[in-house]
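K.L.:
Before I ask anything, let me first share the structure, which is written out below as structure tokens.
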Amino acid sequence: MSYKEKGYIEPEELENLGLLPPRERLEKGPVVIAECPEEIPCNICVHVCPFKAIKMDKIYEIPRIDWGKCIGCGVCVPQCPGQALFVVDLSKPSQALITLPYEFLPRPEKGMRVILLNRRGEHVGEGVIVKAWQHDRTWAVTVSVPKDKWLEVRAVWIPEK
Amino acid sequence: MPDYRIYEHPILDFRRGRRVKFYYRDKVIEAYEGESILAALYAVGYRVFNRSPKLGLPRGAYCMIGKCSSCLSIVDGVPNTRICIEPVREGIHVEPQEGLADIRMARKQENVETVKVETDLLVVGGGPAGLKAALVAAEHGADVVLVNDHYVLGGQLVKQTHKFFGSRDYFGGTRGFRIAEILSKKIKEYNNIHVYTNGFAYGYFKDGVVGVAVHGEHPLNLLVKAKTIIAALGAAEKGLDFEGNYLPGVMGAGGAQTLMNQYGVRPGDRAVVVGSGNVGLIIAYQLLQAGVKVEALAEILPRIGGWFVHAAKIRRLGVKILTRHSIVRAAGLERVEKAVLQAYDEHFRPIPGTEKELDVDLVLISIGLQPDTKFFAQAGAVMKWVPEAGGLVPIRTWGQETSVENLFVAGDASGIEEATTAFIEGEIAALSALLKLGLGSKEVEERRGKLIDFLWNEYRMAPVVRRAREGKLKVTVSEEEMKKIRVGEYP
Ligand SMILES: Cc1cc2nc3c(=O)[nH]c(=O)nc-3n(C[C@H](O)[C@H](O)[C@H](O)COP(=O)(O)OP(=O)(O)OC[C@H]3O[C@@H](n4cnc5c(N)ncnc54)[C@H](O)[C@@H]3O)c2cc1C
Ligand code: SF4
Ligand code: SF4
Ligand code: FES
């Protein structure tokens, strides 16, 4: 079954579409992954990246990241209407950092413990928010997660107090 | 009294207006200025607003945009009032209608004043297509009258909280309700745009005259004689046939979206969404933001209909998307208390023994939209049934003109797409009208050519929208072909 039947994409599908950065790049520092595999008429990311790291000729092509140009700043993360952009940083020894979009209550704050969710909405562990900022009320939340979960975690849930 | 109003929301601030009191069946209801009567009643727990004429079955809120007649009520003695698009006012008396109204009750409307106005361009409908059309025409010096049956301008944009896709030139990246605010504000800056909200265009008459019933405190029968008309009436959500589909709680997904995002009223506690097009997927996400649990989203086809990114957003929050599933039954006494889903085989036959009972109070239907084209049909425009466009739509030229000369169509009324194409079609229609009015320069002609090229040869070439493109191709003809159609030679 493809992502169009399930509503989530498998890492192998991302790999086959050439959407995953090479391991060496990931280990060097933060870089964006665009989980936007379908040709839809959208080019917001191309315009918002201050480093011109996202390429697209026709408005409906899938975004291609220049992994050399992307510095993983996360500016694009809360601006993507599809919430399909995630910054991953594997440069730290023990934990991976993931920056992902979040539009729910309660509001995220540095230091909060959160539930980590995979692409199917399953709980896959707990993480800690290391940074949170917002753009037009969409949060970009950076969470530290167990290092082996970098390709799994794609959402967080903050339990109500 | 229960309180379904939302006070904290991750995206929206509900800045409620002044408090007003009105009467519902002699009960005093407290509401906020700006709410529709139905939203105010829903907020305090009412769910049944009318009864069917024959069987007396309960009727709840369904479309919330004045298209379905589920909410017809008597407001200050005026029957057949759609309370979903009628604003609350201090001291009004509202009664449920319980079936058909007695025409003798309508006496209040007998001495409504008739006002005649003339204009270069009449725009019917203040959604993205209509607002853009009015602005473009006014910028070029045309005198414009804009009528909108809802009391708020913006059409469906006012309830769209997601950031727009599409081109940055057409508000890509901005949330829909903000776009509505920006455009409505701009409209007010032009003193050559005359706006009548709460004004329903009821008919097209000889010599380009359109009748508009303006409701509210000062009702008017407005007769607009227009040299050109752009009708951008939008669409209505399609209904679905299943046992118990009449029960309050079965609602258009857009109806629930209107309640929660426009009025800040939580439509229920637990929902099932039927249909996985973009509207269903987006609304499932927005339900979660409003604190409604989404038990499942059912799709009868083997594939998700809408865009993958929208599906991924709800899937990663744990919403189940059940492909090859649909609803077979809603049950409850006077409102939905349960829904039963069932699996379907490849021939769309239900598979026995696969029923799943869900404990829900909302069944939200999002199986597609249907263009609102009554106005064109009544005006005598040549129409065609095009499934890819959502149903019956008027045939039009590349410049959006229908077979009724000087009557243009734009937006969802021309065939279902989305807001970005509604903006573009609205602009094309306005540029065509300007050329007809003799207000168009070479620059207008060039701009129109460029837009038509971008729309057809780039934007609509995206694989996910190509079906809509095919549909619209079937009803778009050249000026020469249109001339033939006008004299009765159909291709
Ligand atoms: C309830 C609903 C929810 C939707 N939600 C989404 C969403 O979340 N995301 C998305 O991408 N798309 C959504 N859509 C699709 C949406 O239709 C388009 O994105 C877009 O709004 C179409 O623009 P439009 O200008 O053609 O029509 P509309 O935005 O529908 O505007 C039409 C306007 O015409 C007015 N009108 C209608 N008939 C008359 C008359 N006889 N006289 C006077 N005025 C009249 C109406 O009051 C309305 O203001 C939704 C559609 C509906 C119906
Ligand atoms: S993370 Fe920063 S540099 Fe990389 S694509 Fe996004 S905006 Fe551009
Ligand atoms: S902004 Fe997001 S949805 Fe749009 S093309 Fe870029 S990644 Fe895809
Ligand atoms: S007309 Fe009011 S709910 Fe549909």
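K.L.:
Do we find that B:LEU247 is over 21 Å from the mean Cα position of the chain (by Cα) and closer than 16 Å to B:LEU362 by Cα in this structure? Steps first, please.
P.N.:
Values: over 21 Å from the mean Cα position of the chain (by Cα): yes; closer than 16 Å to B:LEU362 by Cα: yes.
Against the criterion (over 21 Å from the mean Cα position of the chain (by Cα) and closer than 16 Å to B:LEU362 by Cα), B:LEU247 qualifies.
K.L.:
Return the residues of region A:49-73 that are of a type outside the set (Asp, Glu) and touching a Phe, Trp or Tyr at 6+ places or on another chain (Cβ under 9 Å); say none if nothing qualifies.
P.N.:
Within region A:49-73, the first condition is being of a type outside the set (Asp, Glu), and the residues that meet it are A:49-56, A:58-60, A:62-65, A:67-73.
Answer for region A:49-73, where residues must be of a type outside the set (Asp, Glu) and touching a Phe, Trp or Tyr at 6+ places or on another chain (Cβ under 9 Å): A:ALA53, A:ILE59, A:TYR60, A:LYS69, A:CYS70, A:ILE71, A:CYS73.
K.L.:
Let me ask you something else. Looking at (1) within 9 Å of another protein chain (Cβ to nearest Cβ); (2) farther than 18 Å from A:ASN16 by Cβ; (3) among the hydrophobic types (A, V, I, L, M, F, W, C), can you tell me which one A:VAL32 breaks?
P.N.:
(1)
K.L.:
Additional query: Just the residues that are more than 14 Å from chain A (Cβ to nearest Cβ) and either surrounded by fewer than 22 Cβ atoms within 10 Å (Cβ to Cβ) or within 16 Å of ligand 4 (Cβ to nearest atom) (or both), please, taken from region B:414-438.
P.N.:
Narrowing region B:414-438 to residues more than 14 Å from chain A (Cβ to nearest Cβ): B:414-416, B:425-438.
Within region B:414-438, B:LEU435, B:LYS436, B:LEU437, B:GLY438 qualify.
K.L.:
Name every residue in region A:9-19 that is outside any helix (DSSP H, G or I) and surrounded by fewer than 19 Cβ atoms within 10 Å (Cβ to Cβ), in order of residue number. Give the steps one after another, and end with the answer.
P.N.:
In the first step, residues of region A:9-19 are kept if they are outside any helix (DSSP H, G or I); the result is A:9-10, A:17-19.
Residues satisfying the conditions are A:GLU10, A:LEU17, A:GLY18.
K.L.:
Another question about this same structure. Taking A:VAL124 as the residue in question, decide whether it is under 27 Å from B:PHE308 (Cβ atoms), of a type in the set (A, V, I, L, M, F, W, C), surrounded by fewer than 21 Cβ atoms within 10 Å (Cβ to Cβ) and without any contact (Cβ under 8 Å) to a residue 40 or more places away in the chain.
P.N.:
yes
K.L.:
Looking at (1) more than 16 Å from the chain's Cα centre (by Cα); (2) part of a strand (DSSP E or B); (3) under 15 Å from B:LEU233 (Cα atoms), can you tell me which one B:VAL147 breaks?
P.N.:
Here B:VAL147 clears every test but (1).
K.L.:
Now, a different point. If you check every pair at least six apart or on different chains, which have Cβ atoms under 6 Å apart with a residue in region B:196-220 that is under 20 Å from B:GLY127 (Cα atoms) first and a residue that is among the aromatic types (Phe, Trp, Tyr) and modelled with pLDDT of 95 or more second?
P.N.:
Note: pairs meeting the criteria are B:THR197/B:TYR151; B:ASN198/B:TYR151; B:VAL210/B:TYR204; B:GLY211/B:TYR202; B:ALA213/B:PHE200; B:ALA213/B:TYR202; B:VAL214/B:TYR196.
K.L.:
Which residue, of B:VAL409, B:VAL382, is crowded, with 20+ Cβ neighbours inside 10 Å and within 24 Å of the chain's Cα centre (by Cα)? Talk me through it step by step, then tell me what you get.
P.N.:
Numbers: B:VAL382 fails: crowded, with 20+ Cβ neighbours inside 10 Å.
One residue alone meets the criteria, B:VAL409.
K.L.:
For region A:42-58, give me each residue that is surrounded by fewer than 22 Cβ atoms within 10 Å (Cβ to Cβ) and near ligand 3 (Cβ under 9 Å from one of its atoms). Even if it seems obvious, please write down each step before you answer.
P.N.:
Quick first cut of region A:42-58, residues surrounded by fewer than 22 Cβ atoms within 10 Å (Cβ to Cβ) only: A:46-48, A:50-52, A:55-58.
A:VAL46, A:HIS47, A:VAL48, A:MET56 - these are the residues of region A:42-58 that are surrounded by fewer than 22 Cβ atoms within 10 Å (Cβ to Cβ) and near ligand 3 (Cβ under 9 Å from one of its atoms).
K.L.:
Here's another thing I want to ask about it. Let me spell it out: the conditions are (1) within 11 Å of chain B (Cβ to nearest Cβ); (2) free of Cβ contacts under 8 Å to residues at least 40 places away in the same chain; (3) in a loop (DSSP other than H, G, I, E, B), and A:HIS47 meets all of them except one. Which number is the exception?
P.N.:
Failing condition for A:HIS47: (3).
K.L.:
Next up: Taking the residues in region B:90-139 that are out of contact with any strand residue (DSSP E or B) (no Cβ under 7 Å at 6 or more places or on another chain) and over 18 Å from B:LEU157 (Cβ atoms) as candidates, determine which candidate is farthest from ligand 4 (Cβ to nearest atom).
P.N.:
Filtering region B:90-139 for residues out of contact with any strand residue (DSSP E or B) (no Cβ under 7 Å at 6 or more places or on another chain) gives B:100, B:102-104, B:107, B:110-111, B:127-129, B:131-132, B:135-136, B:139.
Add one more test, that the residue is over 18 Å from B:LEU157 (Cβ atoms), and what stays is B:100, B:102-104, B:107, B:110-111, B:139.
Details: B:LEU100: 16, B:ASP102: 20, B:ILE103: 20, B:ARG104: 23, B:ARG107: 23, B:GLU110: 24, B:ASN111: 26, B:GLU139: 34 Å.
Filtering region B:90-139 for residues that are out of contact with any strand residue (DSSP E or B) (no Cβ under 7 Å at 6 or more places or on another chain) and over 18 Å from B:LEU157 (Cβ atoms), the one farthest from ligand 4 (Cβ to nearest atom) comes out as B:GLU139.
K.L.:
Also, I was wondering about something else. Quick one: which strands (runs of 3 or more DSSP E) lie wholly within region B:222-312 and hold at least 1 residues that are more than 16 Å from ligand 4 (Cβ to nearest atom) and either outside the structural domain of B:THR420 (by TED's automatic domain parsing) or surrounded by 20 or more Cβ atoms within 10 Å (Cβ to Cβ) (or both)? Outline the logic, then answer.
P.N.:
On the way: elements: B:235-237, B:250-252, B:270-274, B:293-299.
Fully inside region B:222-312 and qualifying: B:270-274, B:293-299.
K.L.:
Report, by residue number, each residue of region B:304-360 that is more than 14 Å from every other protein chain (Cβ to nearest Cβ) and of a type in the set (Asp, Glu).
P.N.:
Correct list: B:GLU334, B:GLU337, B:ASP345, B:GLU355, B:GLU357, B:ASP359.
K.L.:
Give just the number: which of (1) assigned by TED's automatic domain parsing to the domain that holds B:ASP412; (2) among the hydrophobic types (A, V, I, L, M, F, W, C); (3) touching a Ser or Thr at 6+ places or on another chain (Cβ under 7 Å) does B:ALA129 not satisfy?
P.N.:
(3)
K.L.:
Say whether the condition of being aromatic (Phe, Trp, Tyr) and farther than 28 Å from B:ARG104 by Cβ is met by at least one residue in region B:16-31. Walk me through how you get there before you give the answer.
P.N.:
Of all residues in region B:16-31, those aromatic (Phe, Trp, Tyr) come to B:22-24.
So of that shortlist, the ones also farther than 28 Å from B:ARG104 by Cβ come out as none.
No, there is no match, as no residue in region B:16-31 is aromatic (Phe, Trp, Tyr) and farther than 28 Å from B:ARG104 by Cβ.
K.L.:
Taking the criterion of being more than 10 Å from ligand 3 (Cβ to nearest atom), assigned to a loop (DSSP other than H, G, I, E, B) and surrounded by fewer than 22 Cβ atoms within 10 Å (Cβ to Cβ), would at least one residue in region A:28-41 satisfy it?
P.N.:
Within region A:28-41, one or more residues are more than 10 Å from ligand 3 (Cβ to nearest atom), assigned to a loop (DSSP other than H, G, I, E, B) and surrounded by fewer than 22 Cβ atoms within 10 Å (Cβ to Cβ).
K.L.:
Does B:GLU189 satisfy the criteria of being farther than 30 Å from B:ARG315 by Cβ and of a type in the set (D, E, K, R)?
P.N.:
Working: farther than 30 Å from B:ARG315 by Cβ: yes; of a type in the set (D, E, K, R): yes.
Judged against the criteria, B:GLU189 is a match.
K.L.:
Here is a follow-up. What do you reckon, is A:PRO63 surrounded by 20 or more Cβ atoms within 10 Å (Cβ to Cβ) and not hydroxyl-bearing (Ser, Thr, Tyr)? Before the answer, list the steps.
P.N.:
Numbers: surrounded by 20 or more Cβ atoms within 10 Å (Cβ to Cβ): yes; not hydroxyl-bearing (Ser, Thr, Tyr): yes.
The answer is yes for A:PRO63.
The values are calculated or read from the model by the stated rules, or taken from the named source; none is laboratory data. Since the model is a prediction, treat every value here as computed from it, not as a measurement. Note that we place each Cβ from the backbone using ideal geometry, even for glycine, and neighbour counts take in every protein chain shown.
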